[in-house]
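Working notes, structure below.
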Amino acid sequence: MEGMEYFYELFEALPRGGPGDNKSTRKAFNAIPKLPEQPLILDIGCGPGVQTIELAKLSKGTIIALDNHQAFLNKLVKKAKEKKLLDHIVIKNRSMLDMDFEENAFDIIWSEGALYFMGFQNGLKRCHQLLKKDGYLAVTEIVYLVNNPPAPLIQYFEREYPDIKTVKDKIDLIQNERFHLISNFTLPESSWLDSFYLPMEEELIRLNKKYQGNEIALGIFEEMKNEINLYKKYSDSYGYEFFLMQSISR
Ligand code: SAM
């Protein structure tokens, strides 16, 4: 995509790469019924790693934090050093489309707002291979929260993410891919606004000034502003769902 550097400049300035919050990460983690003392966790599309840090605190295990954008991984390393948690985190700059781990390796796979880069269903299949027998998968995924979303929203997602479905349809997919759903809940609106869209709005003001006259950059920033406005208008109709599931043995 033309102008990716502006997109990255915006995202590198944000606390997170997508909607989420530590309370929701903790809620999903605490719903896991049984874990080894030091679980091995894979965090797919970890971004700047807010949830990675939280997982390191919660689990006392080892987390492989995988992303294909080094600047995000650098932010994670800095934070983990400050919090003295780097011993629990292994950084891996690699595409999730090209993971080279052994099969049946992980106690938990975590992916907040990122599994869709593999395609949600394909991501479930890949995680099933990588998880140990009876391992856990926690993902957040964008969903319709209503059965009849407004037409402008349908048009938007047909363009941007045709794989969006209702919560029930995602659960059907999860069960078809040999996972048992343990729990699911919708992220609160605050997890879209507080650590994602509100800081993004502030950053957009700065970047719009910085790149005055640069049509490519301004076009990208306008798209992001439209995305924020869409959420503010239709937040009752779509959101992010946290799904915690357990792999059913082959
Ligand atoms: N989990 C983080 C969070 O909730 O703040 C980041 C979520 S952000 C929406 C998606 C992340 O996936 C970005 O950090 C991006 O760099 C990463 N990503 C996108 N495509 C990827 C790929 N093919 N392989 C690995 N990471 C990828």
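Every number in this text was worked out from the coordinates using simple rules, so none of it is lab data. Note that the structure is a prediction, hence the values are computed from the model and not measured. With ideal geometry, Cβ positions are generated from the backbone for all residues, glycine too; neighbour counts draw on all protein chains shown.
Key figures
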read-out	value
The stretch 216-249 versus the stretch 31-100: alpha-carbon centroid distance in Å	23
Crossing angle, helix 70-82 versus the chain [Cα axis fit, 0-90 degrees, rounded to tens]	60
Acute angle (nearest 10 degrees) that the helix 151-160 long axis makes with the longest principal axis of the chain, alpha-carbon atoms	70
Cα centroid separation, the stretch 109-135 to the stretch 136-155 (Å)	18
Net charge, Tyr144 excluded, C-beta distance under 9 Å - Lys, Arg +1, Asp, Glu -1	0
Neighbour-count ranking [beta-carbon atoms within 10 angstrom, fewest first] of Leu97, Leu66, Leu42, Leu35	Leu97, Leu35, Leu66, Leu42
Gained length - Gln212 relative to Leu97, 0.36 nm times residue gap less alpha-carbon distance	37.8 nm
Two-site FRET efficiency, Glu222 against Lys27, from Cβ-Cβ distance with R₀ of 35 Å, rounded to 0.05	0.50
Given charges at Cβ of Lys, Arg, Asp, Glu: the stretch 195-250 dipole, positive-most of Ser237, Leu204, Ser247	Ser247
Calculated from backbone phi, Karplus (6.51, -1.76, 1.60) coupling profile of the stretch 200-215 in Hz, x at Gly/Pro	5, 4, 5, 5, 5, 4, 5, 6, 4, 5, 4, 10, 3, x, 8, 5
0 to 90° range, to nearest 10: angle between helix 167-176 axis and the chain longest Cα axis	40
Fewest-first sequence of Lys27, Lys75 by Cβ atoms within 10 Å of each Cβ	Lys27, Lys75
Electrostatic dipole magnitude of the chain [Cβ: Lys, Arg +1; Asp, Glu -1; Cα centre; debye, to 20]	840
Ordering of 145-152, 221-228, 237-244 by packing [mean C-beta count within 10 Å, highest first]	237-244, 221-228, 145-152
GNM flexibility winner over the chain from Ile205, Ile174, Ile220 (Cα, springs under 10 Å)	Ile205
Length gained when the stretch Glu37-Asn74 is fully extended (0.36 nm per residue, less Cα-Cα span)	10.5 nm
Contact order relative to length of the chain, as percent, for alpha carbon pairs under 8 angstrom and 6 or more apart	25
Segment Lys81-His180, extension gain: residue separation times 0.36 nm, minus the distance between their alpha carbons	32.0 nm
Dipole in debye (nearest 20) - the stretch 161-250, about Cα centre, beta carbon charges: Lys, Arg +1; Asp, Glu -1	180
Simple Cβ-charge dipole of the stretch 76-178, Lys/Arg +1 and Asp/Glu -1, about Cα centre, in debye nearest 20	380
Listed residue (Ala31, Tyr116, Tyr144) projecting farthest to the positive dipole end of the chain, Cβ model	Ala31
